[in-house]
Amino acid sequence: MSVNGVTTTQTAAAYTYNATENTKAENTAQAGSTKTENTTTNAGVVYEPSKETAVNTAKKTYTPDTNLVNKLKADAEARTQQMRSLVEKLISGQTNAYGKANDIWQFLRSGNYTVDPATKLQAQADIAEDGYWGVEQTSSRIIDFANALTGGDPDKIEDMRAAFQKGYKQAEKTWGGSLPDISQRTYDAVMKKFDEMAEAAKKTTDQTADPADPTKTK
């Protein structure tokens, strides 16, 4: 056997030995590599989820929209102050009727007061179907506020519904009985919107559920 021009038997034997050892070494290295790959693959199946699985099973984080919350609060406070000014104007001009009432809410509930034409028109505009205190705008603001507080977290829908119901009952207590019809209709509109939110959240969950395990998402 000739290697680099050397043709002695010893050199040929050495070459053959080295070639054999190299082959063994390569085979051993390949076997070790295969074993490592198999181990890695198996470990990956058992311990390491794929990137796709990690993305799909990651829980979404919901962050309150503090800017919207502050905007809604500021707007509501401004509008409430406007309404308070209107009531104070009514009271100042009709102290006798107010004096017979235990509080401002009883005064308003009694209806024992008169309103000038301009004030009446403004009030009618405010509680009209498309008015600021109308059913649609008021119910939508309540839902917007709930979404802003929870960051749109569907798991918080029922918590927000319960908070709204608690607030409504407190308003009835303050008012001294059942609230006016517009308030009751607003309550119904808010509850309907909560129902729609819950249904939409359920559909989204159903669409992303893992058929093998409904408690998990795809």
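The values are calculated or read from the model by the stated rules, or taken from the named source; none is laboratory data. Because the structure is predicted, anything quoted here is derived from the model rather than measured. Cβ placement follows ideal geometry from the backbone for every residue including glycine, while neighbour counts extend to all protein chains displayed. The protein model used for the area step is the full one, side chains on, heavy atoms only, and it has no ligands, DNA or RNA in it. Shrake-Rupley method; radii C 1.70, N 1.55, O 1.52, S 1.80 Å.
Summary of computed values
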{"item": "Pairs with Cβ under 6 Å, 6+ apart, first in segment 88-111 and at pLDDT 75 or above, second open to solvent by less than 50 Å² (accessible area, probe 1.4 Å) and part of a helix (DSSP H, G or I)", "result": "TRP105/TRP175"}
{"item": "Single unsatisfied condition, PRO49 versus (1) under 33 Å from the mean Cα position of the chain (by Cα); (2) modelled with pLDDT of 70 or more; (3) not in a helix (DSSP H, G or I)", "result": "(2)"}
{"item": "Residue tally, condition free of Cβ contacts under 8 Å to residues at least 60 places away in the same chain and in contact with a helix residue (DSSP H, G or I) (Cβ under 8 Å, 6 or more places away or on another chain), over segment 137-154", "result": "7"}
